[in-house]
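Each remark here refers to the structure printed beneath this line.
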Amino acid sequence: MPVLEGKELRIVGFLCNWCSYGGADTAGVGRFTQPTDLRVIKVPCSGRIDPLFIVKTLMSGADGVLVSGCHPNDCHYAEGNFYARRRLEMLKRFIPMLGIDPDRFDYTWVSASEGQRWQEVVTKFTEQIHKLGPAQKIEGPEAEETLKLMEASL
Amino acid sequence: MKNLEDLKKQIKDGLSELDVVIGWTDSFDPLHATPHFMRSEADVDKLKVDALCVHNLATYLPSLKGKKVGIVVKGCDSRSVVELLQENLINRDDVTIFGFGCTGVVDQTKIRRAVGDVGQVEACEVSDAEVKLSVAGKEHKLPMADVIADKCQTCRYPNAVVSDQFVGDEIKATASFEDGYKDLEEFEAKSTEEKFGFWLGEMDRCIRCYACRNACPMCVCRDHCVAQSRDPHWLSQEAHVRDKWMFQVIHAYHLAGRCTECGECQRACPVDIPILLFKKKFNKEIKEVFNYEAGLDPEAKPPLQTFKIDEPTIKEKEW
Ligand code: SF4
Ligand code: SF4
Ligand code: SF4
């Protein structure tokens, strides 16, 4: 059994190529300790992130999703993250409607040089997800609880 | 409708310039009206406008783009027309809008719940005060207040917000924005687990007929809908609650800042899933953050299609 079995949760990070992915890299190069729960998906820009990616990720069994892009005004494509900010803010406000705790999703901005900040964000977000524990699953072996919920509501 | 003859006259006067005028007429039974495509004076004579005319006819407009089309609209339907204009899905010059002041439409689900089997309706008479029905030899009198659609109880725009011809008098609206969101607030008071369980149960009943999408005037990419696309493959063809639920979230998200709450999606749903709640949630948040309502100004830009460099109304998390 892997040492981390039962200790890790499934957290997905969508990071933009130009700033936040670089920031995470900087943190790695600087050997800053980080929790290992986060799996990174690199995207060209935070503006490329359809909020539905995040809903799909959460519905497919992730316990948390973190989005990070370039700071506003620093976007490689000038305005991608401005659009992203509006969409992500709406998502943040919408997901409680689905019965998903809004703390399971956060968005933020980290630049390529901010290795330290990346470490802080990942650590805090992971702690936040651990406090909530595993999310309700719609499928897979953990979905039994969900079936019970469904029966109770019918 | 009191001024039906005036409306018919206006339509007849405009008919020679138009390829078709869309209104409503009698349907397969006396309890329903159906969309009606008028091309001749004889067609116009069959026009009816009353509380049974529930369909939002704006849904047909995008597919008729390029033709000269007349359309009869209630207040709520006119907002869909505005939204379509705003997004260049129709041309203002090609559309002639016949508007009126609306006193509300019935909710067929409420009638069904009150009467039971409505399979054999022999007669139906609607007035402002009640719906009189005769079903399988039995008479029913339903007060309008009991069967009127929820959206009409809190209607803020009963008069067409845009029109070329307006028939009859304007009607005064009394409801406030907040009045329309009481059901949503009630739902939001539930716990996270209760909400999750509620949707699992509701969405499990979905039969993936896509009537909700097809009835929606703002769902204009039906032929390329992500629900059926294999590239990208957003949803599987399985009848799994996950896919059905995801589809509703897709619908709601694609309507964020565009939905005018005409309620057609929920009305069209054969299994009465309260999917309007998702759309209301977006609208309420969009009003709060961007102080914006869809379907009022043909020149406005939906808030998710634009941005501000500083967003004073968005409070970001401090880490
Ligand atoms: S919402 Fe208003 S305009 Fe629409 S049908 Fe009801 S009363 Fe008429
Ligand atoms: S989502 Fe529903 S309420 Fe909104 S515009 Fe479409 S049909 Fe009307
Ligand atoms: S109309 Fe109702 S049953 Fe049909 S796809 Fe939409 S939600 Fe599902």
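The values are calculated or read from the model by the stated rules, or taken from the named source; none is laboratory data. Small disclaimer: the values here were computed from a predicted structure and weren't measured. Cβ: placed from backbone, ideal geometry, glycine included. Neighbour counts: every protein chain shown. Heads up: the accessible areas ignore ligands, DNA and RNA and are worked out on the full protein's heavy atoms, side chains in. Shrake-Rupley method; radii C 1.70, N 1.55, O 1.52, S 1.80 Å.
Check B:E125 against each of (1) within 16 Å of ligand 2 (Cβ to nearest atom); (2) of a type in the set (D, E, K, R); (3) in a strand (DSSP E or B) and name the one condition it does not meet.
(1)
Name the single residue, out of those in the range B:219-273 being without any contact (Cβ under 8 Å) to a residue 40 or more places away in the chain and closer than 26 Å to B:T34 by Cβ, that is surrounded by the fewest Cβ atoms within 10 Å (Cβ to Cβ).
It comes out as B:D223.
Could you tell me which of the residues A:A84, A:A112 is part of a helix (DSSP H, G or I), crowded, with 16+ Cβ neighbours inside 10 Å and small (G, A, S)? Walk me through how you get there before you give the answer.
On the way: A:A112 fails: part of a helix (DSSP H, G or I).
Criteria check complete, one pass: A:A84.
Conditions tested, residue by residue: (1) closer than 22 Å to B:V81 by Cβ; (2) more than 16 Å from ligand 1 (Cβ to nearest atom); (3) in contact with a Gly (Cβ under 8 Å, 6 or more places away or on another chain); (4) within 12 Å of chain A (Cβ to nearest Cβ).
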residue: B:F247; (1), (2), (3), (4): no, yes, no, yes
residue: B:H254; (1), (2), (3), (4): yes, yes, no, yes
residue: B:E261; (1), (2), (3), (4): yes, no, yes, no
residue: B:K284; (1), (2), (3), (4): no, yes, no, yes
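Residue check: is B:G99 within 13 Å of ligand 1 (Cβ to nearest atom) and either in contact with a Phe, Trp or Tyr (Cβ under 7 Å, 6 or more places away or on another chain) or within 14 Å of chain A (Cβ to nearest Cβ) (or both)?
Values: within 13 Å of ligand 1 (Cβ to nearest atom): yes; either in contact with a Phe, Trp or Tyr (Cβ under 7 Å, 6 or more places away or on another chain) or within 14 Å of chain A (Cβ to nearest Cβ) (or both): yes.
So B:G99 fits the description; yes.
Looking at the range B:294-319 only, could you name the residues that are of a type in the set (A, V, I, L, M, F, W, C) and more than 10 Å from chain A (Cβ to nearest Cβ)?
From the range B:294-319, those of a type in the set (A, V, I, L, M, F, W, C) are B:294, B:296, B:300, B:304, B:307, B:309, B:314, B:319; that's our starting set.
Across the range B:294-319, the qualifying residues are B:A294, B:L296, B:A300.
Starting from residues that are under 12 Å from the mean Cα position of the chain (by Cα) and either charged (D, E, K, R) or in a loop (DSSP other than H, G, I, E, B) (or both), keep the ones in the range A:57-80 and report whichever is farthest from B:Q248 (Cα to Cα).
Step by step, filter the range A:57-80, then rank; the result is A:D63.
When the residues of the range B:128-155 are narrowed to those that are assigned to a loop (DSSP other than H, G, I, E, B) and either touching a helix residue (DSSP H, G or I) at 6+ places or on another chain (Cβ under 7 Å) or under 18 Å from B:D50 (Cα atoms) (or both), which ends up nearest to ligand 3 (Cβ to nearest atom)?
Taking the range B:128-155 first, the residues assigned to a loop (DSSP other than H, G, I, E, B) are B:128-129, B:136-137, B:149, B:154-155.
Within this subset, residues satisfying the condition of being either touching a helix residue (DSSP H, G or I) at 6+ places or on another chain (Cβ under 7 Å) or under 18 Å from B:D50 (Cα atoms) (or both) are B:128-129, B:149, B:154-155.
Numbers: B:D128: 30, B:A129: 32, B:A149: 17, B:T154: 23, B:C155: 23 Å.
Checked the range B:128-155; the qualifying residue nearest to ligand 3 (Cβ to nearest atom) is B:A149.
Kindly provide the set of residues from the range B:9-47 that are among the polar types (S, T, N, Q), farther than 26 Å from B:V121 by Cβ and surrounded by fewer than 16 Cβ atoms within 10 Å (Cβ to Cβ), ordered by number.
Here is the first cut: in the range B:9-47, the ones among the polar types (S, T, N, Q) are B:10, B:16, B:25, B:27, B:34, B:40.
Remaining after also requiring farther than 26 Å from B:V121 by Cβ: B:10, B:16, B:40.
B:S16, B:S40 - these are the residues of the range B:9-47 that are among the polar types (S, T, N, Q), farther than 26 Å from B:V121 by Cβ and surrounded by fewer than 16 Cβ atoms within 10 Å (Cβ to Cβ).
Tally the residues that are farther than 13 Å from B:L61 by Cα and buried (at least 21 other Cβ atoms within 10 Å of the Cβ), restricting the search to the range B:80-103.
Here the count works out to 4.
Could you tell me whether any residue of the range B:184-206 is free of Cβ contacts under 8 Å to residues at least 40 places away in the same chain, farther than 22 Å from B:Q266 by Cβ and either open to solvent by less than 40 Å² (accessible area, probe 1.4 Å) or not in a helix (DSSP H, G or I) (or both)?
Yes, the range B:184-206 contains at least one residue that is free of Cβ contacts under 8 Å to residues at least 40 places away in the same chain, farther than 22 Å from B:Q266 by Cβ and either open to solvent by less than 40 Å² (accessible area, probe 1.4 Å) or not in a helix (DSSP H, G or I) (or both).
For the range B:177-200, state whether one or more residues are within 13 Å of ligand 3 (Cβ to nearest atom) and either modelled with pLDDT of 95 or more or facing chain A (nearest Cβ under 8 Å) (or both).
For the range B:177-200, residues within 13 Å of ligand 3 (Cβ to nearest atom) and either modelled with pLDDT of 95 or more or facing chain A (nearest Cβ under 8 Å) (or both): present.
Can you name the residue in the range B:43-65 that is away from ligand 2 (no atom under 13 Å from the Cβ) and in a helix (DSSP H, G or I) and, of all such residues, is farthest from the other protein chains (Cβ to nearest Cβ)?
Here the answer is B:D45.
Quick one: in the range B:87-100, which of the residues that are touching a residue at least 60 places away in the same chain (Cβ under 8 Å) and away from ligand 2 (no atom under 13 Å from the Cβ) is farthest from B:N56 (Cα to Cα)? Write out each step before concluding.
As a first pass, look at the range B:87-100 and keep what is touching a residue at least 60 places away in the same chain (Cβ under 8 Å): B:87, B:89, B:92, B:96-100.
Restricting the remaining residues to those that are away from ligand 2 (no atom under 13 Å from the Cβ) gives B:92, B:96-100.
Details: B:R92: 18, B:T96: 16, B:I97: 13, B:F98: 13, B:G99: 13, B:F100: 14 Å.
Going through the qualifying residues, I end up with B:R92.
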